[in-house]
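*Asks:* Please see the structure below; I have some questions.
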Amino acid sequence: MRTAVDTNIVVDILRASARHGERSADALRRCLREGEVVASAVVLAELRAVFATDEALRVAMSTLGIRSEPVDASVALAAGTAHQAYRANGGSRERVVADFLIGAHAVIRTQRLLTRDRGYYRTYFPTLTVLDPSIRA
């Protein structure tokens with residue numbers, strides 16, 4: 001099973017978030033046991049701000065077992081379609097296109113998305129399976 005990972009999960013783990021770090025790390029480990037975990041190039045771009053160098057980011061992602069993937073035209077077009085629906089439904093500019101690219105990548109290239117941003121993704125990507133480690137099972 002392939003799982004896409006959202007930026008917030010990786011940041012939880014890297015910053016050892018007192019609130020979400022342990023659950024996010026546990027969820028990532030479960031996903032890795034079940035298959036491959038990938039981050040879209042958009043997630044990689046968002047994470048770059050956390051690191052001093054590109055190499056430091058590459059090492060962290062490798063250590064976590066997360067591989068990055070490019071975003072192709074099919075993902076970009078699906079993201080644009082979802083963003084268009086969001087704007088047509090009165091969505092503000094608070095949701096930037098990057099969020100739609102992450103969701104579209106997960107729908108097209110994987111079977112599920114590991115994220116804490118469940119409401120938004122479930123609304124605009126209804127076929128996407130969302131794993132939210134912040135919810136107590």
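The values are calculated or read from the model by the stated rules, or taken from the named source; none is laboratory data. It should be emphasised that the depicted structure is a prediction, and the values quoted were computed from it without experimental measurement. Virtual Cβ from ideal backbone geometry, glycine too; neighbours counted across all protein chains shown.
*Asks:* Hand me the list of helices (runs of 4 or more DSSP H) wholly inside region 51-137 holding 1 or more residues that are touching a residue at least 12 places away in the same chain (Cβ under 8 Å) and touching a strand residue (DSSP E or B) at 6+ places or on another chain (Cβ under 6 Å).
*Replies:* 97-109, 118-124
*Asks:* Hey, another quick one. Out of everything in region 1-46 that is basic (Lys, Arg) and part of a helix (DSSP H, G or I), what residue ends up being surrounded by the fewest Cβ atoms within 10 Å (Cβ to Cβ)? Steps first, answer last, please.
*Replies:* Going through region 1-46, the residues basic (Lys, Arg) turn out to be 2, 15, 19, 23, 29-30, 33.
Filter once more, keeping what is part of a helix (DSSP H, G or I): 23, 29-30, 33.
Working: Arg23: 19, Arg29: 14, Arg30: 13, Arg33: 8.
Only one residue tops the list, namely Arg33.
*Asks:* Is one or more of the residues making up region 62-84 of a type in the set (A, V, I, L, M, F, W, C), within 16 Å of Ser134 (Cα to Cα) and at pLDDT 95 or above?
*Replies:* The answer is no, given that none of the residues of region 62-84 is of a type in the set (A, V, I, L, M, F, W, C), within 16 Å of Ser134 (Cα to Cα) and at pLDDT 95 or above.
*Asks:* Related question: Can you name every residue in region 109-119 that is more than 13 Å from Ala78 (Cβ to Cβ) and in contact with an Asp or Glu (Cβ under 7 Å, 6 or more places away or on another chain)?
*Replies:* Passing the criteria: Leu113, Leu114, Thr115, Arg116, Asp117, Arg118.
*Asks:* Hey, could you check region 85-121 for residues that are basic (Lys, Arg) and closer than 25 Å to Glu36 by Cα and say which is modelled with the lowest pLDDT?
*Replies:* Out of the qualifying residues, it is Arg118.
*Asks:* Here's a follow-up. At pLDDT 85 or above and more than 15 Å from Thr7 (Cβ to Cβ): is that true of Leu128 in this structure?
*Replies:* Yes, satisfied.
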